[in-house]
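Take a look at the structure set out below.
The values are calculated or read from the model by the stated rules, or taken from the named source; none is laboratory data. If you're wondering where the values come from, they're calculated on a predicted model, not measured in any experiment. With ideal geometry, Cβ positions are generated from the backbone for all residues, glycine too; neighbour counts draw on all protein chains shown. Each accessible area value is taken on the protein alone, full model and side chains, heavy atoms only, with ligands, DNA and RNA left out. Shrake-Rupley method; radii C 1.70, N 1.55, O 1.52, S 1.80 Å.
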Amino acid sequence: MSNPAEVVEGEPEYRLYWGDLHCQTFFSDGLRCPEELYVFARDEGMLDVFGLADHDYGLTPAQWRYFVEVTNAFYRPGEFVTIVGYEWTSNRYGHRNLHFPGDWGPLLRCTDEDGHTLEGIREWARRHGALLIPHHSANAVMGCDWDYGWDPETERLVEIYSIWGNSERPAREGNPRPIRVTGGEREGQHVLDALDLGYRFGFVGGGDTHDGRPGDELHTLQREPEAYKDLWRQGIMGVWARSLTRRGIWEALWARRVYATTNVRLLLWTTVCGAPMGSEIRWSGPRRGTVRAAGEVPISRVEVVRNRKTIAEVRPEEEIISWTWEDAFEGPAYYYVRITQGDGEMAWSSPVWVTSG
């Protein structure tokens, strides 16, 4: 048995790769050492792209150099892409993972004089061409207050789903996997709240796993300790990239040509007015979008979300779908696709932003 796949004529412009950039080692609060995690992600989690995200405040300069060396040692172009990064762990401003495009990136901790403010870490990311990815934004204690603003240069992605749950929208708006730990969720901190403010985030899924099994978590089968009962499956991201290299994966991440799933390998490709997920376009006239998807089990619901509201949907009850929708709306809008499989597992495409041409 394999992941859902699509057969096309000729060489495709993009290929689909699976990744997770959010996993902790025993150097902070996880299990296993960095080498073990890279081996597991590659050989047992069957991931194409992987990166560590240990908490910054516990890392010494020597440990950070070691993390970078291990990350680079496991990089194999065309086979396995590793990304240098760590987690900036500010409870005041919200946790954000910092990822670097190449084989090195300097450590700036939330406890350092220049790194304890949000603007400080944003400036650090801009200086080094890094991506700064917020996660579990809806959490009441460790989430993100969107009133602190948004940096379009570095904050191009948001981790919409992880073991914490789904930060897309509140439970009262239909979220089946809201955050239940550490105070639960807080209104106004969901990803849709950020999009409504004009923040242009693409969507990734991440693990935030601590059990040493990236891509293949087991904590959902545990009943002890009690806290595990309130966690969900890990998330992963689908990446549509031109090549399985750091350059190719980074270009796809930067372009937001990515999507999130609840650790299912659901194939998903979406366009709006011919532009792929993550695009910003100008368009006059009716807006037409396409959805191609192949699920691990039959797909029960496909929704097109425009400016927070579902404007079109189908309920195919089939494993493979190809669907076109149309919208006559002429104002500025973001569009994305939310998919639910028959087993309850989900996927979210990154949005496309449209303004009138």
Notebook entry, point to check: Taking the stated definitions as given, is G30 within 21 Å of E159 (Cβ to Cβ), part of a loop (DSSP other than H, G, I, E, B), modelled with pLDDT under 95 and open to solvent by less than 40 Å² (accessible area, probe 1.4 Å)?
Noted result: yes
Note to self: Criterion first (open to solvent by 10 Å² or more (accessible area, probe 1.4 Å), in contact with a Ser or Thr (Cβ under 6 Å, 6 or more places away or on another chain) and closer than 17 Å to T324 by Cβ) does R292 satisfy it?
What the structure shows: yes
Note to self: Being over 20 Å from the mean Cα position of the chain (by Cα) and either part of a loop (DSSP other than H, G, I, E, B) or under 15 Å from L267 (Cα atoms) (or both) is the filter here; which residues of region 283-306 pass it?
What the structure shows: S284, G285, P286, T290, V297, P298, I299, S300, R301
Notebook entry, point to check: Since D20 meets every condition but one in (1) in contact with a helix residue (DSSP H, G or I) (Cβ under 8 Å, 6 or more places away or on another chain); (2) surrounded by fewer than 23 Cβ atoms within 10 Å (Cβ to Cβ); (3) within 24 Å of N139 (Cα to Cα), which condition does it not meet?
Noted result: (2)
Item checked: Selection status of T71, in contact with a Cys (Cβ under 9 Å, 6 or more places away or on another chain), hydroxyl-bearing (S, T, Y) and modelled with pLDDT of 95 or more -> no
Check: List, please: which pairs have Cβ atoms under 6 Å, are six or more places apart or on different chains, and start with a residue in region 165-189 that is within 20 Å of S350 (Cα to Cα) and end with one that is open to solvent by 40 Å² or more (accessible area, probe 1.4 Å)?
Finding: G165/W232; R177/W232; P178/A171; P178/E185
Notebook entry, point to check: Does G115 satisfy the condition of being open to solvent by 30 Å² or more (accessible area, probe 1.4 Å) and in a loop (DSSP other than H, G, I, E, B)?
Noted result: no
Check: Just checking, which of E159, E155 is part of a strand (DSSP E or B), under 13 Å from the mean Cα position of the chain (by Cα), among the charged types (D, E, K, R) and under 25 Å from G102 (Cα atoms)?
Finding: E159
Margin query: If I ask for residues that are assigned to a helix (DSSP H, G or I) and either open to solvent by less than 10 Å² (accessible area, probe 1.4 Å) or at pLDDT 90 or above (or both), which ones from region 214-246 would you list?
Written below: H219, R246
Note to self: Looking only at region 33-60, how many residues end up being assigned to a loop (DSSP other than H, G, I, E, B) and under 22 Å from V258 (Cβ atoms)?
What the structure shows: 7
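Rundown of residues vs (1) within 24 Å of E217 (Cβ to Cβ); (2) out of contact with any Leu (no Cβ under 8 Å at 6 or more places or on another chain); (3) open to solvent by 20 Å² or more (accessible area, probe 1.4 Å), yes/no style:
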{"position": "V264", "(1), (2), (3)": "yes, yes, no"}
{"position": "C273", "(1), (2), (3)": "no, yes, yes"}
{"position": "S279", "(1), (2), (3)": "no, yes, yes"}
{"position": "W283", "(1), (2), (3)": "no, yes, yes"}
{"position": "R306", "(1), (2), (3)": "no, yes, yes"}
{"position": "R315", "(1), (2), (3)": "no, yes, yes"}
{"position": "Y336", "(1), (2), (3)": "no, yes, no"}
{"position": "T340", "(1), (2), (3)": "yes, yes, yes"}
Checklist line | Conditions (1) part of a helix (DSSP H, G or I); (2) open to solvent by 20 Å² or more (accessible area, probe 1.4 Å); (3) of a type in the set (G, A, S): number failed by S322 | finding: (1)
Check: Do any residues in region 330-357 that are closer than 16 Å to N263 by Cβ have Cβ atoms under 8 Å from those of residues that are hydroxyl-bearing (S, T, Y) and modelled with pLDDT under 95, where the two are at least six apart or on different chains, and which pairs are they?
Finding: none
Checklist line | Breaking point among (1) outside any helix (DSSP H, G or I); (2) at pLDDT 95 or above, for N91 | finding: (2)
Item checked: Residues being in a loop (DSSP other than H, G, I, E, B), of a type outside the set (D, E, K, R) and either over 17 Å from R308 (Cα atoms) or more than 17 Å from the chain's Cα centre (by Cα) (or both) - total across region 179-204 -> 8
Notebook entry, point to check: R65 versus (1) among the basic types (K, R); (2) surrounded by fewer than 15 Cβ atoms within 10 Å (Cβ to Cβ); (3) assigned to a loop (DSSP other than H, G, I, E, B): which is the lone unmet condition?
Noted result: (3)
